[in-house]
1. Hey, in the GNM for the chain with a 10 angstrom Cα cutoff, which one of Thr158, Thr123, Thr58 fluctuates hardest?
2. Express in whole angstrom the spacing between the alpha-carbon centres of region 96-138 and region 19-79.
3. With a 10 Å cut-off between alpha carbons and a GNM built on the chain, which of Pro136, Pro127, Pro148 moves the most?
4. List the longest stretch of the chain that has no exposed loop site; here a site is one of the trypsin sites (Lys or Arg not before Pro) assigned by DSSP to anything other than H, G, I, E or B, with at most 10 other Cβ within 10 Å.
5. Between Asn95, Asn18, Asn135, find the one with the highest GNM mean-square fluctuation for the chain; connect C-alpha pairs within less than 10 Å.
6. What list do you get for Trp22, Trp39 if you sort them by fewest beta carbons within 10 Å?
7. How much of the pair distance distribution for the chain lies past 27 Å, counting alpha-carbon pairs only, in percent?
8. With both bridge residues required to lie in the chain, what share of the DSSP beta bridges run antiparallel, to the nearest 5%?
Amino acid sequence: MQTAPARSPRRQRQRSLNAFGWLRRALVRAKTFYYTRVWGMDIDPTASFSLSARFDKTYPAGVHIGAWSYIAFDAAILAHDMTRGLYLHTHIGRNCFIGARSIILPGIKIGDGSVIGSGSVVTRDVPPRCVVVGNPAKIIRKDIEVGPYGRFSDAEATKAKLAAAGAFD
């Protein structure tokens, strides 16, 4: 009895959760409706966020998220500070990206087209078109060009280079 040769790892069928993208989009739309209609947050309908992103429900009217912005997983957008008795408006501009596990403190304004690095703690306002990282977050790049959801303008070229090198096989 002869067995079929084992497939090489590169030839095995890749499985992906992208097949459930429609479900994720529906859940995000439902959460956006819930946050805006029930809690009174100001979230643009074109904004998107991870299902694990956290928005301040103690002062929900203070949460403002602009068009075509993205909030990655486990990021926290705060609008209050119980220890100091602060209830402030926190604004995230248009075309912004807030990295995973970042914390945006109450009263912060993030300018249009800015990128917040993963794990950053934003303690001061961020000017438009900047990249900030760290704890506390500091500006590392200025005058950047981003598109919707804070995606760098050269992101497609980078993806094409990786695909040509076989990174997605």
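1. Thr158
2. Each part reduced to its Cα centre gives a spacing of 17 Å.
3. In the Gaussian network model the winner is Pro136.
4. 85-169
5. Maximum fluctuation in the GNM of the chain, among the listed residues, is at Asn18.
6. Trp22, Trp39
7. Taking all Cα-Cα pairs of the chain, the fraction more than 27 Å apart is 34 percent.
8. Around 25 percent of the beta bridges assigned by DSSP in the chain are antiparallel ones.
Every number in this text was worked out from the coordinates using simple rules, so none of it is lab data. Note that the structure is a prediction, hence the values are computed from the model and not measured. So basically every Cβ, Gly included, is an ideal-geometry build from the backbone, and we count neighbours across all protein chains shown.
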